Amino acid sequence: KSLPVVIQVPINLRPYYDSQTARNFFATMNIRHDFKSDGHELEAIIHSVKRSYKEELTMDKLNDHLHELMALEKNPLARLIPLPFKNLTLKFFNHIRGAKVTSSLSNVGKLKVRDEFKHRVENFSTAVSSRRPQIIVTSFEDKLAISFTSPYEDTELQRIFFKFFTDREFDLVISSNL
């Protein structure tokens, strides 16, 4: 059966809540596109992404998410449960919630090195271990790197992704550890 593609995207919460914390302060949202009902054209995909961002990236949704997390953390009964049981429970519910996610996207962002090292660095790429395909985006100077990591041997997803760009005559370099 044809399921929608769901990409989990992190949201940096610092700008929304004026936080200076050094700890991770983020939430995630799901960007969804149903190829069966919404189409395969680039414009349809862009429309789905825009719609998902507009629906998901609102203060109401962010506040709801934070309130849910805080309610769990502040719950007096939850505080009585030993940490190993809490960890197992959270792992279980995270697995169920993540089952509907096709992939996740991490935007590491623009990477910088000291000027004296720039001539020695061509670009960066990032790899992480993952339980599902993950896309990591980094940039250095004028180069963008899009890395895929996956627990699967099948590379059809990557082939389709890069074929999309080569069909449109993008200038790109593909490297792999396979």
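Values in this text are rule-based calculations from the coordinates and carry no lab data. Just so it is clear, the model here is predicted, and its values are computed rather than measured. Note: ideal-geometry Cβ built from the backbone for every residue, glycine included; neighbour counts use all protein chains shown.
Tabulated data
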read-out: Overall Cα dimensions of the chain - principal axes, largest extent first, Å; value: 57, 51, 33
read-out: Sparse-neighbour loop sites [trypsin sites (Lys or Arg not before Pro); region 62-156; at most 15 other C-beta within 10 Å; DSSP]; value: K100, K112, R114, R131
read-out: At 0.890 mPa s and 25 °C, Stokes diffusion of region 1-44 via Kirkwood alpha-carbon radius, µm² per second; value: 192
read-out: Eligible lysines near K61 by straight Cα distance, threshold 28 Å, same-chain separation 8 or greater; value: K36, K50, K74, K86, K91, K100, K110
read-out: DSSP-assigned coil residues among GluC sites (Glu not before Pro) in region 133-165, each with at most 15 further Cβ atoms within 10 Å; value: E141, E153
read-out: Globularity index of region 58-146, i.e. its alpha-carbon radius of gyration over 2.2 N^0.38 Å; value: 1.61
read-out: Computed over region 32-77, Kirkwood Rh from alpha-carbon pairs, angstrom; value: 12.7
